[in-house]
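The values are calculated or read from the model by the stated rules, or taken from the named source; none is laboratory data. Keep in mind that what you see is a predicted model, and the values were worked out from it rather than measured. Cβ sites come from the backbone with ideal geometry, for glycine too, and all protein chains shown count toward neighbours.
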Amino acid sequence: MKKITGKVVSLVLALALVVTSFSANFAFAANKSVSGTVSSTDRDEIYLVNGGGANDSIDDIATNVIKPELDTKDHQDLDDDVEIAAISHVSGDNLVKWEIDDDEGDADLTVKSDTKTGKEVLSILYEDTYNNDDGDTVTVKARKNFTVYVLDEDSLVVGKTYTDVSERTGKELEAPATLAQTKGSERQINVYKVTKGADAEAVYEAVKVTTTKEAADVDAVKASLTLNSALTVTAKTAGAAGNDITVAITEDGAASSVTATLTGNAIEVKGKTADLTASAVKDAIDAEASAKVATTVTEGEEDTLIVPAAAANLADGADADDDVALTAAAYLELSSTENVKIKEDLSAIDGSAAAITLVSGKRNSAGALTNDAAVTNFTITVKKIDDGAVSKESDDKYTLKTKVEKKVDATQLLKNAGATPAGSENYTISKDSGKIVISSGNYEPTTNVKDSEIVFATTGTVSVDEGSVKKISGTVGSVSVNDDATVGSIDLDEGAVTVDGGKAGDITTDGTTGTVTVNSGKAGNIDTSDATADEVTIYAGTVGTIETDDGTVTIDSTDEDEAVSTGKITAPTVDAFAEDAKVSINGIKASDDGTFTFKGTDLTLGTVDFDYRETNVVFGTDDDEFVGTLTNPANAKNAKFNTENEDTDVTVSGTITLDSISVGSDSQITFDSNVTVDTIDGDGAMKIAAGKLYVTGSVSSTTLKLSDTTLAPGTTVFKADSDTVDEDDFETFGFTLDVSTGNEVDTFKIKTLNFAGLAINKTSSKIAKGYSETFTASAYPTGTSLPVGATIKWELDGGSDDVFTLTTTGNTAKVDITGIDTDFASENTTTLTATLYDEDGYELDDYDAATCKITAIAVPEATSDTTKDFSVAKGSAYQFKITSATAPTFTTGTAGVFSVALASVNGNEYFYKITAIGNVGASTGIYLNGNKLLVATVKAPAFTTDTTKDVTVKGAYTLKVTAAATPTFALGTAGVFKAEFVSKTGNDYLYKITSVGAVGAKTGVYVNGVKTFVATVG
């Protein structure tokens, strides 16, 4: 056996130390993972093409197609290096296979089959990373579905016309918009062939289309010539010979009229230049050459001048041919042409690849448009042409179902009235002789647009003055909905929207001018998130939810006669000011980092969700205070609270974690629950209950007040991270601090108490007309004493003398409400102040005065613990708890349904019991202080019985009733049976009926007032 020498032992120990060192170092860099979300993608679907070959795949779908971005719940700053970690099949056909490159974090998709088509939904797991505050690398994981469509190579599809269809590579071809009813309204489509390029992504190629279905016996084609897009001259006889006909337009300054001559195949038209209109030239040719040619004037071009020109031949005439095959790529047909026709002549066998125009309207026998189209569905069918003939294979056919909707094309409407719209017209929608009509300038079409969607294409204004329209869409400079107007919805590609006294449904706008303003009236949900301007302003009225992407929502109640009420607002920046009227906001959610500003004394906020954004919250400004409550704010970890204006007084309700609190001079912020905050500063006052505050950073100069009614030395005031706060960093109010230091947490407790000022027994109160309330001022903190010789003086600040009356005695004050100002709400609020004075009558301004905000109300305010409709079993009772400063009135609307009784009173809590005494199904309103609270209904009691069918009884009969509570048992007719209780076992009650009446006598048997069966004496 070999010996281990000392050098070897030293080497082993050294290696052990090295290994130990590595282990320790690696322990510092932990890897963690959290769930996130896919916050944005460029595309969530892709269109691929089968057919095999080298181009049957698409590489690097994350980089080239999807371009995902991830986010965490608290919006960490990620590395923005998103990788694909896994892919799985979710649903649909199995169309593609995938290969993930672990080094690149990306994936390739390959089409499996050369012939299979369909849809497959994949689930893709993405990963990104960030480093947390501890230096750990955190992996963020998120899944999102990705849809793959596979199309047949060389198949046909119908889509809208694109300026550059190559931009749709790998994407869906969008269907054309539905048509308007307005005669002459147009939509353009193309027929595309699906191909592919360097990879498997779908490439769309516009193909030639014909409406000729059979080319075996091609008829001769008439030659034609169109002059100035206004007049078409067509040979009367089909065939190539028609190409020999010529038309010349000659200027003749001496001519008194437009005339034509025919010499052989040569037609010459003469006239003064100013007289050579399309109509005049047509009439002249018809008069002399109608046997050789026919003429047609393009609709709306009757007054277009035909420019003088040398003789030109008619063209495209062709002789009949029995052997010609179709050379276009596709055949197209409409399921019906009663309301929609194709504008172009697509009968040529070689077809046309240009855009195909669908035109709305009914036509006469000559093909001229006469009336608006009817609302209807129709189908566009295209079929592939193979070997010169239309294919009959189902796989070679494509259908698109579309429709003519109840829509009005405003531009076409003006054209039909004789106008020449330039795209900058101003429109007005109003009532006229019972119709809702559109006018523009001197043009007043008579089409009734009531309850229709109206599509605009103008940079001008649209003013909806009267009447009701279903929808406004398209492009406008601006649209306004005025006092007597109603618009079902507004959905603009471009344009600003103003609601000025009218009613509008949901509003969505886009483009560079996409702002929304509500001056008064009503609006539904507002969405400007896709608009560049992305701004919403509300001055008065009621609106639904408001959503912006990175814009500003401004609420400013400038009309004292009309309050503002909104649904939930989602935006990074919100400025809400209850200036002249009440403002109620259902809730706010931060969509990005930004600023929330709250001003005014009558602003009611629902829950504010800061969504972990870096939101700067400003309560009040230099010019305007904020007095109000922020209720249950959520996810405020990164929010900064700032109070400005000396009269600002904020109450924050609910547990909250904040980045910072900055309290401006003479302002106050009060918290009613636990607060965790990094920094606190400012010369104002922060009020909170003892033991509810935790500080992780620093404190500087803020006055700390405690909301507890009783304070005592040794009470924990707040806690802080170790060595972050000193006992003198806060300016304490009524106490001094002592600190108990710890390794991680320092605890600050009350050391001594000292008189700081006055406190009133309430900080706010609502008093009804005809009632009064007495308030008491005392030394704060409790247990301290007023300075020797000091006295208390009371005063009311604000409000009307016709509403409030003050009577004082020493440290008590009585406020009587003698009236209500129905014109000005501000006259019904006042502030009761108790101030300390010395024996010489000078204010002791070293000590705080106490205040109580008082509001006069018309009737006593009361709240109920029950506010929703409910039912009570017949014979059963239900008890309400009503909280009210004064005795409320509690009544039912319909007599005989429920009885009402005051059960008990405990301070401000009144307990009322209602008992169901009416018939099953009877209902009544329950009224609190004259206001309907809810509807209560009598329902069948909850019981079962072993007897549900009528019985004949000779002597006695015992039945069992099962009920959770003791039931009532009764007989309907006296003197027929005698009823008696037998026994109770658990929830089973036995009752016996004994016959006492004559044979044949009958009575109903009732349990809890409900007839269960009829008993007959046998």
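Select, from ALA284, ALA255, ALA280, the only residue that is modelled with pLDDT under 95 and not in a strand (DSSP E or B). The match here is ALA255.
Table: residues versus (1) in the same structural domain as LYS769 (by TED's automatic domain parsing); (2) among the β-branched types (Val, Ile, Thr); (3) touching a residue at least 12 places away in the same chain (Cβ under 8 Å); (4) not in a loop (DSSP other than H, G, I, E, B).
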residue	(1), (2), (3), (4)
LYS853	yes, no, yes, yes
LYS868	no, no, yes, no
TYR878	no, no, yes, yes
THR883	no, yes, yes, yes
ALA887	no, no, yes, no
GLY896	no, no, yes, no
SER899	no, no, yes, yes
ALA903	no, no, yes, yes
LYS932	no, no, yes, yes
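For segment 639-686, give me the residue count where each residue is buried (at least 21 other Cβ atoms within 10 Å of the Cβ) and of a type in the set (D, E, K, R). The qualifying residues number 2. The residue pairs whose first member lies in segment 723-734 and is on the phi < 0 side of the Ramachandran plot, whose second member is part of a loop (DSSP other than H, G, I, E, B) and of a type outside the set (Phe, Trp, Tyr), and whose beta carbons are closer than 6 Å, counting only pairs six or more residues apart or on different chains, are PHE733/ALA756.
Here ALA255 clears all of (1) small (Gly, Ala, Ser); (2) in contact with a strand residue (DSSP E or B) (Cβ under 7 Å, 6 or more places away or on another chain); (3) in contact (Cβ under 8 Å) with a residue 60 or more places away in the chain except the condition numbered (3).
In segment 293-378, counting only strands (runs of 3 or more DSSP E) that sit wholly within it, the ones holding 1 or more residues that are surrounded by 19 or more Cβ atoms within 10 Å (Cβ to Cβ) and not assigned by TED's automatic domain parsing to the domain that holds THR263 span 330-334, 340-342, 356-360. Taking the criterion of being among the hydrophobic types (A, V, I, L, M, F, W, C) and touching a Ser or Thr at 6+ places or on another chain (Cβ under 9 Å), the residues of segment 807-825 that qualify are ALA813, VAL815, ILE817, PHE824. For segment 531-578, a residue qualifies if it is in a loop (DSSP other than H, G, I, E, B), more than 14 Å from ASN519 (Cα to Cα) and either acidic (Asp, Glu) or in the same structural domain as THR475 (by TED's automatic domain parsing) (or both), and the qualifying residues are THR532, ALA533, ASP534, GLY544, THR545, THR548, ASP549, ASP550, GLY551.
For segment 991-1013, the set of residues classified as loosely packed, with under 15 Cβ neighbours inside 10 Å and under 27 Å from ALA916 (Cβ atoms) consists of LYS1011 only. Among the residues making up segment 218-252, those that are among the β-branched types (Val, Ile, Thr) and either under 16 Å from ALA348 (Cβ atoms) or not in a strand (DSSP E or B) (or both) are VAL218, VAL221, THR226, THR232, THR234, THR237, ILE245.
Scanning segment 206-252 for residues that are modelled with pLDDT under 90 and more than 60 Å from the chain's Cα centre (by Cα) turns up just one, ALA220. Of the residues making up segment 687-716, those that are without any contact (Cβ under 8 Å) to a residue 60 or more places away in the chain, surrounded by 15 or more Cβ atoms within 10 Å (Cβ to Cβ) and in a loop (DSSP other than H, G, I, E, B) are ALA689, GLY691, LYS692, THR702, ASP708, THR715.
Counting the residues of segment 158-171 that are farther than 15 Å from ILE61 by Cβ and either free of Cβ contacts under 8 Å to residues at least 40 places away in the same chain or assigned by TED's automatic domain parsing to the domain that holds ASN64 (or both) gives 7.
What about THR962, is it modelled with pLDDT of 95 or more, among the polar types (S, T, N, Q), out of contact with any His (no Cβ under 8 Å at 6 or more places or on another chain) and farther than 26 Å from THR892 by Cα? Considered against the rule, which asks whether it is modelled with pLDDT of 95 or more, among the polar types (S, T, N, Q), out of contact with any His (no Cβ under 8 Å at 6 or more places or on another chain) and farther than 26 Å from THR892 by Cα, THR962 comes out as no. Say whether the condition of being surrounded by 18 or more Cβ atoms within 10 Å (Cβ to Cβ), more than 25 Å from the chain's Cα centre (by Cα), closer than 18 Å to ALA563 by Cβ and outside the structural domain of SER764 (by TED's automatic domain parsing) is met by at least one residue in segment 602-623. Taking every residue of segment 602-623 in turn, at least one turns out to be surrounded by 18 or more Cβ atoms within 10 Å (Cβ to Cβ), more than 25 Å from the chain's Cα centre (by Cα), closer than 18 Å to ALA563 by Cβ and outside the structural domain of SER764 (by TED's automatic domain parsing). Determine whether segment 132-151 contains at least one residue that is touching a Pro at 6+ places or on another chain (Cβ under 9 Å), not charged (D, E, K, R) and not assigned by TED's automatic domain parsing to the domain that holds ILE87. No: zero hits.
Every test in (1) under 19 Å from ALA825 (Cβ atoms); (2) at pLDDT 95 or above; (3) assigned to a strand (DSSP E or B) is passed by VAL627 save one, and that test is (2).
Contact map, segment 357-368: residues that are free of Cβ contacts under 8 Å to residues at least 40 places away in the same chain paired with residues that are small (Gly, Ala, Ser) and surrounded by 20 or more Cβ atoms within 10 Å (Cβ to Cβ), Cβ distance under 8 Å, separation 6+ or inter-chain. No pairs are found.
So which residues in segment 400-436 are under 36 Å from the mean Cα position of the chain (by Cα), surrounded by fewer than 21 Cβ atoms within 10 Å (Cβ to Cβ), free of Cβ contacts under 8 Å to residues at least 60 places away in the same chain and over 26 Å from ASP303 (Cβ atoms), if there are any at all? Answer for segment 400-436, where residues must be under 36 Å from the mean Cα position of the chain (by Cα), surrounded by fewer than 21 Cβ atoms within 10 Å (Cβ to Cβ), free of Cβ contacts under 8 Å to residues at least 60 places away in the same chain and over 26 Å from ASP303 (Cβ atoms): LYS401, THR428, SER430, LYS431, ASP432, GLY434, LYS435.
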